[in-house]
Amino acid sequence: MSAMLEVKDLEVAYGKIKAVKGITFDVQEGEVVTLIGTNGAGKTTTLRTISGLLRPTKGSITFMGKDLTSVPAHEIVSLGLAHSPEGRRIFPKLTVEENLLLGAFSRKDREIDSDLQAAYELFPILEERSKQPAGTFSGGEQQMLAMGRAMMSRPKLLMLDEPSMGLSPLMMKRIMSTVTTLQEQGTTILLVEQNAQAALKRATKGYVLEVGNIVLAGTGQELLASDDVRKAYLGED
Amino acid sequence: MDAFAQQLVNGLTLGSLYALIAVGYTVVYGIVQLINFAHGEVFMIGAFGALSTWLVLFKGQTGLWVLPIMIIGAIIASVVTAVLMERIAYRPLRNAPRLAPLITAIGISVFLQEFVRLFYGRVPFLDFPDAKQKVPFPQIDVVTGKAFEIGNVTIQRSAVFTVGALIMCAAALWYFVNRTKMGRGMQAVSQDPDTARLMGINVDRVIVVAFAIGAALAAIAGVAQGLQVTNINFKMGFLAGLKAFTAAVLGGIGNVWGAVVGGVTLGIVEAMAVQFIPGTFGGSPWKDVWAFALLIIVLVFRPQGLLGAKVVDRA
């Protein structure tokens, strides 16, 4: 079986500075794959390149058999690949409902309303506040909105960039359990996290990035058990 | 009291004209953070587009029925100019330092003025008047002609047209921005272009739409100006554009309703200053001074403009 997403020898540079130095990984249908690593490891750069916001200097990105490196960013979401960006990036002056509907911008079918209801079921707080400007929300609520918005495109693959960043432990739990829910509902997930513990627990597969290179790969359980990972990312001796 | 009411009418008329043009500055700025200094020329070309339509199709006609077609001609001329301008001059500079598109805008402005001045009278196969001087603008039944008198207040027919046009355009614009998918996409692009692309929004297309909307409103303003002043000329876009830009900043640049409020406010302040500031500093020669003084005062005490919000931090 060929992979849903296949990244090969990917290199991305900002000017002369290489942020990603030739990484190769893949995501199979139904998996939760996580990229972990410290700040500046190249995780966000990788996701932004897959989404077409950045262009690689080398390498290939294949999504469901299609090469993405020459597809304009705004056409990628309709191929079934949604990206919930780092820092949530909700549209602050628009209402919750408008934000969610923007998630379905590239769709023309008649089931958008029922998907809106599905998003409200996933996060009931969004329905209560559907007419409020999203900028008035707390970080956790904004994260829910960002995930709901990404789901509105009916993605086959959902990329989540640091969904737990800056959240209270309680909210972090809530968000991470939603990741599991979405997986159970059949969404394949590529998860970027600094919270390695929470990410690896849920991951079928994980990759550890360090300054633009993949230094370790394995199943979530293997990585959780690895001494290197425990020392570097889980704060254990 | 009569003088006050009269100046209110005058100010509202002038302000509606500013507002129609100001929307174009603000919509484009809201999306690409570019001050399109050639927007005044888009307004001027709208007026010439209406005139050309009349000369080609209806020369000698004064019936009201020609007006909608003149307006369509004006809109086509302005929109084509604005879209070409964006495509040829601004898009290649999208990622250039901000000074580059600004200087380009000034260049386009001069180019368009000179183009109309030198070539309008020489269009092959068409008998257009020379545009080096003022060109008479067709006067149309119902919207020009004998003014209305209410008490001692005179209301020009063209003033009713101008204010009516602003009200209709503002309503249409409100509907577009808040109730259509493209309008929502436009708001998204103005708040966060990269994330808008992740939603599947084609940012290039949104930018073209922004230029086109601004141009359409400027075209209508061009017709209104022609009807009011009864003649048009290649330089008319300069001061009108500068005033409309002032109005946009006054209202809060980037905010569409700010442009409307700013335009109307500026028009009324100008009209009132002409009437009520006594002595040496009063009268119509000083109106521009007071208009720009108002701008300076607002910028000192409320730099974001009347309706502009302080920039919301992105979480």
The protein assembly as shown: antiparallel DSSP beta bridges as a percent of all, rounded to 5 = 60 percent
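Hey, got the dipole for chain A? About the Cα centre, +1 on K and R Cβ, -1 on D and E Cβ, debye to the nearest 20?
Working: 27 positive and 29 negative charges, 122 e Å.
The dipole magnitude comes to about 580 debye.
So which of A:LYS18/A:LYS93; A:LYS173/A:LYS231; A:LYS58/A:LYS201; A:LYS43/A:LYS66; B:LYS59/B:LYS134 end up more than 27 Å apart by C-alpha?
Details: A:LYS18/A:LYS93 35 Å; A:LYS173/A:LYS231 23 Å; A:LYS58/A:LYS201 32 Å; A:LYS43/A:LYS66 22 Å; B:LYS59/B:LYS134 18 Å.
In this structure, A:LYS18/A:LYS93; A:LYS58/A:LYS201 lie more than 27 Å apart at Cα.
Give me the net charge of A:ALA104's neighbourhood, meaning all other residues with Cβ under 13 Å from the Cβ of A:ALA104; Lys, Arg count +1, Asp, Glu -1. Intermediate results must be reported in sequence, preceding the final value.
Working: positive: A:ARG107, A:LYS108, A:ARG110, A:ARG149, A:ARG154, B:LYS181, B:ARG184; negative: A:GLU97, A:GLU98, A:ASP109, A:GLU111, A:ASP113, A:ASP115.
Around A:ALA104, the charge tally is +1.
If you take each beta carbon of peptide A:104-110 and count the beta carbons of other chains within 10 angstrom, what is the mean?
Numbers: counts 3, 11, 4, 1, 1, 0, 0.
Rounded to a whole number, the mean comes out at 3.
When ranked by the protection proxy of mean other Cβ atoms within 10 Å per residue, highest first, what sequence do the peptides B:247-260, A:159-172 form?
Numbers: B:247-260: 27.1, A:159-172: 18.9.
Ranked from most to least packed, the peptides come out as B:247-260, A:159-172.
Between A:ARG110 and A:SER2, what FRET efficiency follows from the Cβ-Cβ distance if R0 is 25 Å, with the result rounded to 0.05?
The computed FRET efficiency comes out at 0.20.
We did not get these values from a lab; they are worked out from the coordinates using the rules stated. Everything quoted here is computed from the prediction, not taken from an experiment. We place every Cβ from the backbone using ideal geometry, glycine too, and count neighbours over all the protein chains shown.
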